Amino acid sequence: MQFKPEKYRIEDKAHKAFIDGDEIWDTLNSAEISKERVRAIIKKSLNKNRLNMAEVAVLVKADSPELISEIKQAARDLKERVYGNRIVLFAPLYVGNLCMNNCKYCGFKASNTETVRKTLTKSELISDVKALEDNGQKRLILVYGEHKIYSPEFIAETVKTVYSVKSKNGEIRRVNINAAPMDAEGFKIVKDAGIGTYQIFQETYHKETYAEYHESGRKRDYDNRLTSLDTAQDVGLDDVGIGVLLGLYDWRFEMLALVRHTNHLEACYNVGPHTISFPRLQNAEECKCDPKYKVSDEDFARFVAILRLAVPYTGLILTAREPQKLRKEILQYGCSQVDAGTKIELGNYSDDEKHEQDLRKEQFQINDTRSLAEVIDELIEDEYLPSFCTACYRLGRTGEHFMEFSVPGFIKEKCTPNAIMTLAEYLIDYREIKNAEKGWQLINKSIDKMENAKVKELLKDRVARIKGGERDLYF
C-alpha cells in the first residue's frame, strides 16, 4: 500500500530532521474554522482516511462546545468502526533506573541523588514476571533508564529471560521495549530477540523547549532522538511507537507534530507508527517544570478525540498516570490500549507488601493503582472486550503488512475473535474478577454479532477447545 506524502517545507528523507516549528504554527494560525469545514473533515475521517496536518489544525481550533461535542462523538464512532469494543491490556515492567541524562521532568535524572537506583537481577526479573503471569498478564513493556549498562545485548538478554518464564497457565507472549535510541546494530540485536514494539518518545517536538528541559546527556541531542526510529526501520524493526509528554509545551503544537512524525515515517518507510502515547506530566522527585502548559482534563479529552480522527489505524495508549474516572471517560474517544495493575517501583510486582507511593523509587506518580482484575471488571461492566491478543506480531503482521490487514477492516475481523479467545482464557485461569459471568455473556454476545458465519463457527469451536484445556489459539 502506497501512502501519498504531504508537501512540506522540509522534504522527508530518512535520517534527516523533519520538524519545522514555524510551519506547524503557520498551519495552526492559518486554519479557518466553519461548521461545514469541520464536518467535512470529520466525514473524511469516518471514511477511515487519515487526516493531513492542515485538517487536524482545523479540528484543534474548533473550540465551540457544539463542535467539540461532534468531534468527540465522531471519535467514538470511528473507534467502533475500526477497533470494535476491544481494549488491549498490558503492564509496564521497569528493569532498571540508572540514567546518564538530566531531564528536568524525570525522577530518574542523573543529578537526583535521592532516587533509589536499582537494576533487577535475573532472579528478580523472573520473580516479577511470574507474579505478572500469575495475575493473568500476557503483554509487557520493559522500561530501561538511558544508561550505557542497558546495552542492546543486556536488553536482548532480559527479553529472552521474560519469554522463557512460564508459570501455571501463564506466559508472556509479547514484550515491547521503552529504551534509549540505538545504532543499527543495536536495533538489530533487540529485534532478533523477538521484541514487539520499540517505543521512543520525543517528549516535546518544540526544539527550544526540548533544549530547555534536557540539560545534559545524550538525550539532549534533539535531532538524534527525532530520527532514531528511522534507524530501527532500516534494520527491519518496523513496529515502532512514538509519543509526547503533554505539559512541556502547547498541546496543539504537539498534536500537529505527532501527525508530522507519522507522515515522515509513512513517506520514508511506507508505514506509520504502530502506537502513539501521550502521557501527561505528573509529579516526580525534583521535577522542575513550568505549569504554563499544563493540560486540563477537558483539553486532554479533546486531544485524544482529535488524534483518533487524525490517525484511524494507529493504536492509542492511555496510561495509569491518569485517574480511574478520567480513564473511563477517555477510553470512549478512541484509545485502544491501557496498562493495568501497574507498579513502577522496581521489583514491586513480586513484593506482596502494600507500598505507599515513594517518588524516590519511581519515575513519576501514577493515579490509577487498581489491579488487573479490577480494571477488567470495569471494562466488562462497560461492555468493552478485554484483550491480551498477540497474534499479529507472532504471525508477521507488522509494519507495512499490518497496514495491508488493518486498512480494509481486518482489525475487527481478526482481532475481535482473538480478543474473545484471550478473554476466555483469562476467565478460566484467573478467578479474581467479580464479573466472570458477565464476561461470558459478553463473549457470547460478541460471537453472536459476528457477520462472518465461517469465522463465527470456527470461533465457537476454539472457545470450546479453550474450555477443554487448550491455550494460545488465534487467527
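Bear in mind that the values in this text are calculations on the coordinates, not laboratory data. Quick caveat, the model's predicted, so the values are computed rather than measured. Cβ coordinates were reconstructed from backbone atoms using ideal geometry, including for glycine residues, and neighbour counts include every protein chain displayed.
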Least to most buried among 126, 276, by other C-beta atoms within 10 Å and fewest first, runs 126, 276
Alpha carbon centre of the stretch 270-315 versus the stretch 178-213: separation in Å?
-> 17
For the stretch 151-235, just say rounded, prolate or oblate: build the C-alpha gyration tensor, square-root its eigenvalues into a ≥ b ≥ c, call rounded for a/c under 1.5, and beyond that prolate if a/b exceeds b/c, oblate if not.
-> prolate
Magnitude of the charge dipole, the chain, Cβ model with Lys/Arg +1 and Asp/Glu -1, debye to 20 = 1060
For residue 224 and residue 383, extending 7 Å from Cα along the Cα-Cβ vector and measuring point to point gives, in nm, a value of 5.2
Sort the following peptides by mean Cβ neighbour count (other Cβ atoms within 10 Å, averaged over residues), highest first: 190-196, 425-431, 329-335.
-> 329-335, 190-196, 425-431
Shape call for the stretch 85-367 from the C-alpha gyration tensor, a ≥ b ≥ c root eigenvalues: rounded (a/c under 1.5), prolate (a/b greater than b/c) or oblate?
-> rounded
To the nearest 0.05, what FRET efficiency results for residue 429 and residue 9 with a Förster distance of 41 Å applied to their C-beta separation?
-> 0.15
Find how much the distance from residue 54 to residue 157 grows on full extension, using 0.36 nm per residue of separation minus their present alpha carbon separation; answer in nm with one decimal.
-> 32.7 nm
Quickly estimate the mean residue ellipticity at 222 nm for the chain, helices only: each DSSP H run with n ≥ 4 gives -39500 (n - 2.57), and the total goes over all residues, rounded to 500.
-> -13500 deg cm²/dmol
Over 28 Å between C-alpha atoms is what I'm after, so list which of 191/343; 160/434; 79/449; 438/467 land there.
-> 160/434
In the chain, what percentage of the DSSP-assigned beta bridges are antiparallel, given to the nearest 5?
-> 15
Report, as a whole number in µm² per second, the diffusion coefficient that Stokes-Einstein gives for the stretch 21-79 at 25 °C and 0.890 mPa s using the Kirkwood radius over alpha carbon pairs.
-> 210
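Using Stokes-Einstein with the Kirkwood hydrodynamic radius over Cα pairs, what translational diffusion coefficient do you get for the chain at 25 °C and a viscosity of 0.890 mPa s, in µm²/s rounded to a whole number?
This corresponds to a translational diffusion coefficient of 108 µm²/s.
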In this structure, the FRET efficiency calculated for residue 77 and residue 184 from their beta-carbon separation, with R0 = 51 Å, to the nearest 0.05, is 0.75
